[in-house]
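Take a look at the structure below.
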Amino acid sequence: MLTAEQAYTLESISETELNDLCASASNLRESHWGDIVTYSRKVFIPLTNMCRDTCKYCTFVKTPESGEANLMTPDDVLATARAGDNLGCKEALFSLGERPEKRYRLAKDLLAAQGHDSTVSYLYAMAELVMQRSQLVPHINAGALTENELRFLRPVAGSMGMMLETNSPRLMQPGQAHHACPDKQPKRRMATLEAAGKLDIPFTTGLLIGIGETWQERVDSLIAINQCHQQYGHIQEVIIQNFRAKEGTDMAGAIEPSQQDMLKTLAVARLILDPSISLQAPPNLEQDYARYLDAGINDWGGISPVTRDFINPERAWPQIETLRKQCQAQQLTLQERLTVYPSYLKSGARYLAENVNQRMQLIASSSGLAAHQCF
């Protein structure tokens, strides 16, 4: 395992050194996860695309002035969930902007029309609707939440998540990616990770690399995540996501991370993080994504046969059969998992609300992965 000081020295390494680093990461992956690589078959439910933050790289968020801002209705949510049911999905990923009602009158009005005064309250109702009227289990990705909000949402979620993105307060400064984004304050996001740990919520987090952070800041962010996990044991997966420049944003001309940078970051993450933490990288954001397997990942994240990637709509999901063949070429076996990883599902009474635990047990195999595999 790497210390922070050792990881700092890896910023500029040769191709040979990178290959050696990746080999070490792959060996560690194999020692803990064996030859199984997983993915989650899910639908994406973008509950609202309004947000009070204005990240300099984001195209998901829409303002009322754009004419594209919306809040999904219960009928919209249920239609998406049932489409997922029909195609063998097991998970409903709720993704949404953070606290738009704090900034926009339109958000307040749309919430009020549904009988709610906050996005979190409406989110609970829609996740409960999915639990009651579909076979899916919600995964809630609602950004920075308080301990009380996490406790409130826990009964309607198998797992929750929030990308740390970076633990560097420097990126909050004028001209940086997170300037004027109150919910991207690192202390606020770390407080969410810690609160989820106190509540024993199976949690997903990760880094968005290439948004202006230094290599040392990237390493420090991984260290912070790992320290939180060592204290509470609740972080089930870490995503390393590469920034992609998009037209119409302030960072449209920013340089994207290279594949070598992604491989190096993935390998270092695998060697910093506790081996029990699943390491994930999105396959739709890199053409030669199969190389991520060389760097120690054991999971591809959510792949949907129903909905697009609303955060990166220009990047289509790979076919699951293609992923299976890419894994097979490296003597790895692709398996479908659930929103809760097997080690957490085995202690379901600790990590899951009773109703969620009952639903998970019905759709899990004896291994803790999905009982009915879909490819």
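Criterion first (touching a residue at least 40 places away in the same chain (Cβ under 8 Å) and aliphatic (A, V, I, L, M)) does ALA196 satisfy it?
Values: touching a residue at least 40 places away in the same chain (Cβ under 8 Å): yes; aliphatic (A, V, I, L, M): yes.
Yes.
Can you tell me which residue among THR73, THR48 is modelled with pLDDT of 95 or more, β-branched (Val, Ile, Thr) and closer than 30 Å to GLU256 by Cα?
THR48
Looking only at residues that are within 19 Å of PRO182 (Cβ to Cβ) and out of contact with any Cys (no Cβ under 9 Å at 6 or more places or on another chain) in the range 42-51, which one is surrounded by the most Cβ atoms within 10 Å (Cβ to Cβ)? So that I can check it myself, show each step before the final result.
Of the range 42-51, the ones within 19 Å of PRO182 (Cβ to Cβ) are 48-51.
Narrowing further to those that are out of contact with any Cys (no Cβ under 9 Å at 6 or more places or on another chain): 48-50.
Details: THR48: 24, ASN49: 22, MET50: 26.
Among those that are within 19 Å of PRO182 (Cβ to Cβ) and out of contact with any Cys (no Cβ under 9 Å at 6 or more places or on another chain), it is MET50.
Filter the range 98-124 down to the residues that are hydroxyl-bearing (Ser, Thr, Tyr) and not in a helix (DSSP H, G or I), then identify the one that is nearest to SER159 (Cα to Cα). Write out each step before concluding.
Narrowing the range 98-124 to residues hydroxyl-bearing (Ser, Thr, Tyr): 104, 118-119, 121-122, 124.
Pick out the ones that are also not in a helix (DSSP H, G or I) and you get 104, 118.
Details: TYR104: 29, SER118: 21 Å.
That would be SER118.
Yes or no: ALA127 within 25 Å of HIS229 (Cβ to Cβ), in contact with a strand residue (DSSP E or B) (Cβ under 7 Å, 6 or more places away or on another chain), modelled with pLDDT of 95 or more and assigned to a helix (DSSP H, G or I)?
yes
Name the pairs whose Cβ atoms lie under 6 Å apart, with the first residue in the range 347-370 and under 19 Å from CYS89 (Cβ atoms), the second among the polar types (S, T, N, Q), and 6 or more positions between them or separate chains?
Every condition considered, the pairs that remain are LEU369/GLN335.
Please count how many residues of the range 67-85 are among the charged types (D, E, K, R), without any contact (Cβ under 8 Å) to a residue 40 or more places away in the chain and in a helix (DSSP H, G or I).
Step one: list which residues in the range 67-85 are among the charged types (D, E, K, R), which gives 68, 75-76, 82, 85.
Now restrict to residues that are without any contact (Cβ under 8 Å) to a residue 40 or more places away in the chain: 68, 75-76.
With the extra rule that they be in a helix (DSSP H, G or I), the set shrinks to 75-76.
Number satisfying all stated conditions: 2.
GLN330 versus (1) closer than 30 Å to GLN287 by Cβ; (2) touching a Phe, Trp or Tyr at 6+ places or on another chain (Cβ under 6 Å): which is the lone unmet condition?
Condition not satisfied by GLN330: (2).
Given THR80, THR38, THR54, which one is under 23 Å from the mean Cα position of the chain (by Cα), of a type in the set (Val, Ile, Thr) and surrounded by fewer than 18 Cβ atoms within 10 Å (Cβ to Cβ)? Break it down into steps so the answer makes sense when it comes.
Values: THR80 fails: surrounded by fewer than 18 Cβ atoms within 10 Å (Cβ to Cβ); THR38 fails: surrounded by fewer than 18 Cβ atoms within 10 Å (Cβ to Cβ).
Going through THR80, THR38, THR54 in turn, just one is under 23 Å from the mean Cα position of the chain (by Cα), of a type in the set (Val, Ile, Thr) and surrounded by fewer than 18 Cβ atoms within 10 Å (Cβ to Cβ): THR54.
Within the range 311-326, count every residue that is of a type in the set (Val, Ile, Thr) and either at pLDDT below 60 or over 19 Å from the mean Cα position of the chain (by Cα) (or both).
The initial filter retains those residues of the range 311-326 that are of a type in the set (Val, Ile, Thr), namely 311, 320, 322.
Cutting the leftovers down to either at pLDDT below 60 or over 19 Å from the mean Cα position of the chain (by Cα) (or both) gives us 322.
Of the residues in the range 311-326, 1 are of a type in the set (Val, Ile, Thr) and either at pLDDT below 60 or over 19 Å from the mean Cα position of the chain (by Cα) (or both).
Please enumerate the residues belonging to the range 194-206 that are surrounded by fewer than 23 Cβ atoms within 10 Å (Cβ to Cβ) and either assigned to a helix (DSSP H, G or I) or in contact with a Phe, Trp or Tyr (Cβ under 6 Å, 6 or more places away or on another chain) (or both).
Selection gives GLU194, ALA195, GLY197, LYS198, ASP200.
If you take the residues of the range 240-279 that are under 28 Å from HIS179 (Cβ atoms) and among the small types (Gly, Ala, Ser), which of them is surrounded by the most Cβ atoms within 10 Å (Cβ to Cβ)?
Among residues in the range 240-279 that are under 28 Å from HIS179 (Cβ atoms) and among the small types (Gly, Ala, Ser), the one surrounded by the most Cβ atoms within 10 Å (Cβ to Cβ) is ALA269.
So, in the range 270-289, exactly how many residues are part of a helix (DSSP H, G or I), of a type in the set (A, V, I, L, M) and touching a residue at least 60 places away in the same chain (Cβ under 8 Å)? It would help to see each step written out before you state the result.
Kept after step one, since they are part of a helix (DSSP H, G or I), are these residues of the range 270-289: 270-272, 283-285, 289.
Within this subset, residues satisfying the condition of being of a type in the set (A, V, I, L, M) are 271-272, 285.
Filter again for touching a residue at least 60 places away in the same chain (Cβ under 8 Å), leaving 271-272.
Residues in the range 270-289 being part of a helix (DSSP H, G or I), of a type in the set (A, V, I, L, M) and touching a residue at least 60 places away in the same chain (Cβ under 8 Å): 2 in total.
Give the residue, chosen from LEU93, LEU123, LEU110, that is farther than 29 Å from GLN319 by Cα and surrounded by 24 or more Cβ atoms within 10 Å (Cβ to Cβ). Let's see the steps before the verdict.
On the way: LEU93 fails: farther than 29 Å from GLN319 by Cα; LEU110 fails: surrounded by 24 or more Cβ atoms within 10 Å (Cβ to Cβ).
Of the residues listed, the single one that is farther than 29 Å from GLN319 by Cα and surrounded by 24 or more Cβ atoms within 10 Å (Cβ to Cβ) is LEU123.
Report, by residue number, each residue of the range 209-239 that is crowded, with 22+ Cβ neighbours inside 10 Å and either at pLDDT below 95 or part of a helix (DSSP H, G or I) (or both).
Matches in the range 209-239: ARG218, VAL219, SER221, LEU222, ILE225.
I'm trying to understand the selection: among the residues of the range 316-375, which are surrounded by fewer than 17 Cβ atoms within 10 Å (Cβ to Cβ), outside any loop (DSSP other than H, G, I, E, B) and of a type in the set (Lys, Arg)?
LYS325, ARG350
The values are calculated or read from the model by the stated rules, or taken from the named source; none is laboratory data. These numbers come from a predicted model, not from an experiment. Neighbour counts are summed over all protein chains in view; Cβ atoms, including those assigned to glycine, are modelled from backbone coordinates with ideal geometry.
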